[in-house]
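The values are calculated or read from the model by the stated rules, or taken from the named source; none is laboratory data. Keep in mind the model is a prediction, meaning the values are calculated, not measured. Neighbour counts are summed over all protein chains in view; Cβ atoms, including those assigned to glycine, are modelled from backbone coordinates with ideal geometry. Keep in mind that these areas ignore ligands, DNA and RNA; they rest on the heavy atoms of the full protein, side chains included. Shrake-Rupley method; radii C 1.70, N 1.55, O 1.52, S 1.80 Å.
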Amino acid sequence: MTQHNETDLVIVGAGMVGLTLAALLADSGLRIRVLESREIDAANALEWERSQRESGYDPRVSALTVASQQVLTVAGVWSQITAMRAMPYRAMDVWDGEGSGKIRFDCAELHEPCLGHIVENRVTQSALLQQILSQSNCQLSVGVQLTELSEPDSAAVRTLTLNNGEVLQARCVVAADGALSNTRRMACIGMWEWDYGHHAIVTTVTTEQPNRATCWQRFTEDGPLAFLPLSDAHLSSIVWSTSPDHAKTLMELDDETFCQALERAFEGRLGAVTHTDQRFVFPLRQRHAKQYVKAGFAAIGDAAHTIHPLAGQGVNLGLMDAAALAETILDGLAEGVNWNAEYHLRRFQRSRQSENLQMAAMMEGFKRLFNTRNPLPMLLRNTGMSLMNSLSPVKNHIVQQAMGLSGSLPRLARRPVRD
């Protein structure tokens, strides 16, 4: 007879979003199991600071908002992240490379110390791994894959079969295994998706002039190009979104020629681009799950939605999902209801689905607005950017929402009121 190991919550995926959910539920009393298909050495997370001093920067970085900072603070990892490596940015310069429109956001206008932080993904993941390894109620299993997921029984409990032969019974399964989530597919949740017609090139580059703790973004005729500041003043992480053909051409260039092409595309704002690390490219698609929850099941982060990186909101949306789902589960436990029932998990879906859809629609709108060569939309966008730049109250309201200082946020993402 097969032995079924019982647990309360199984999180499939040990990325930033899945680990954040586990960390937020540290004091819930729930038995949590995190499954990761990659053979990551979790124990080495404890040695990150020592081992990474000798290596370069992770090409994958995230522009974490104040709201995300608050979630990671509640999760108990923000101080560890800043102790490892994080770059607060104080300003953001955005301009239309095909016109005269420009806009600048500055933390001084908001009386804030910074607009957000640029953090390498591996830094955030390392801090979260350290945190959950210290939790007595959380078990991390690496190098295992989910091969079967049952329908829920009358108590919304699901049975999971792993590739190592282990069988689990869980009151709730959370898909946090990325955009191509196999877990979501097994739960029979469909997706709306379409190709943006862009590929993104990411890498770390060295520039002649310092980055000035500023995020820079130029809208080119092929797509947005962003320079994100790193803690070394002459290093920036770039995200260059462009057409697939152009991306292919850029990836085939030698390093020196690529640096020259990048410098031209960026209009030399930071002087010469003198060095590039290894380049990586990936296609951009927008995806959105038709539903986030079922009985004993929820999808969060990229497993539920992906958007264009032009505003750097992808990871932030995922962290808001983790916060909202943690709140939903904690509220259910406090209320004494069946927290894994579909009717209860729909609270999480209601709180996040509309927010994520609005952001997806906004990114699609921006992408189309800046992709057009029609003179009238070009005139309108340039006029609009310059007008907004001159209207400080409107501009500051927009950036406050982007930072997570206002708007609809999970409780765990709201910064405490200052005295």
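Couple of notes before you dig in:
- Checked against (1) open to solvent by 50 Å² or more (accessible area, probe 1.4 Å); (2) of a type outside the set (Phe, Trp, Tyr); (3) assigned to a helix (DSSP H, G or I); (4) at pLDDT 90 or above, THR383 passes all but condition (4).
- For GLN349, the conditions (1) at pLDDT 70 or above; (2) surrounded by 14 or more Cβ atoms within 10 Å (Cβ to Cβ); (3) more than 22 Å from VAL174 (Cα to Cα) all hold with the exception of (3).
- Counting only strands (runs of 3 or more DSSP E) wholly contained in region 103-190, the ones carrying 1 or more residues that are farther than 27 Å from TRP216 by Cβ and either within 23 Å of the chain's Cα centre (by Cα) or at pLDDT 95 or above (or both) occupy 138-142, 146-149, 158-162, 167-175.
- Looking only at region 261-288, and only at residues there that are open to solvent by 20 Å² or more (accessible area, probe 1.4 Å) and among the hydrophobic types (A, V, I, L, M, F, W, C), the one that is nearest to the chain's Cα centre (by Cα): PHE282
- Taking the criterion of being in contact (Cβ under 8 Å) with a residue 12 or more places away in the chain and of a type in the set (Ser, Thr, Tyr), the residues of region 132-186 that qualify are SER141, THR147, THR159, THR161, SER181, THR183.
- On inspection, VAL94 does not qualify as within 16 Å of the chain's Cα centre (by Cα), open to solvent by 10 Å² or more (accessible area, probe 1.4 Å) and among the aliphatic types (A, V, I, L, M).
- Residue check, ALA298 of a type in the set (Gly, Ala, Ser) and touching a strand residue (DSSP E or B) at 6+ places or on another chain (Cβ under 6 Å): yes
- Of the candidates GLN286, GLN278, GLN260, GLN291, the single residue that is out of contact with any strand residue (DSSP E or B) (no Cβ under 7 Å at 6 or more places or on another chain) and either touching a residue at least 24 places away in the same chain (Cβ under 8 Å) or not in a helix (DSSP H, G or I) (or both) is GLN291.
- If you go through region 191-221 and keep only what is modelled with pLDDT under 95, open to solvent by less than 50 Å² (accessible area, probe 1.4 Å) and either basic (Lys, Arg) or not in a strand (DSSP E or B) (or both), you end up with ARG218, THR220.
- Any hit, region 246-260, residues being over 26 Å from the mean Cα position of the chain (by Cα), open to solvent by 10 Å² or more (accessible area, probe 1.4 Å) and within 28 Å of TRP194 (Cα to Cα): yes
- Any hit, region 5-17, residues being among the hydroxyl-bearing types (Ser, Thr, Tyr), on the phi < 0 side of the Ramachandran plot and either at pLDDT below 85 or in contact with an Asp or Glu (Cβ under 9 Å, 6 or more places away or on another chain) (or both): no
- Screening THR20 against (1) of a type in the set (Ser, Thr, Tyr); (2) surrounded by fewer than 23 Cβ atoms within 10 Å (Cβ to Cβ); (3) at pLDDT 95 or above leaves a single unmet condition, (2).
- Top-ranked residue of region 132-175 - restricted to ones that are open to solvent by less than 20 Å² (accessible area, probe 1.4 Å) and of a type in the set (Gly, Ala, Ser), ranked as nearest to TYR343 (Cα to Cα): ALA156
- Pairs where the first residue, in region 228-242, is more than 15 Å from THR276 (Cβ to Cβ) and open to solvent by 10 Å² or more (accessible area, probe 1.4 Å) and the second is aromatic (Phe, Trp, Tyr) and modelled with pLDDT of 95 or more, C-beta under 9 Å, 6+ apart: none
- Filtering region 320-346 to residues that are open to solvent by less than 60 Å² (accessible area, probe 1.4 Å) and acidic (Asp, Glu) leaves ASP321, GLU327, ASP331, GLU342.
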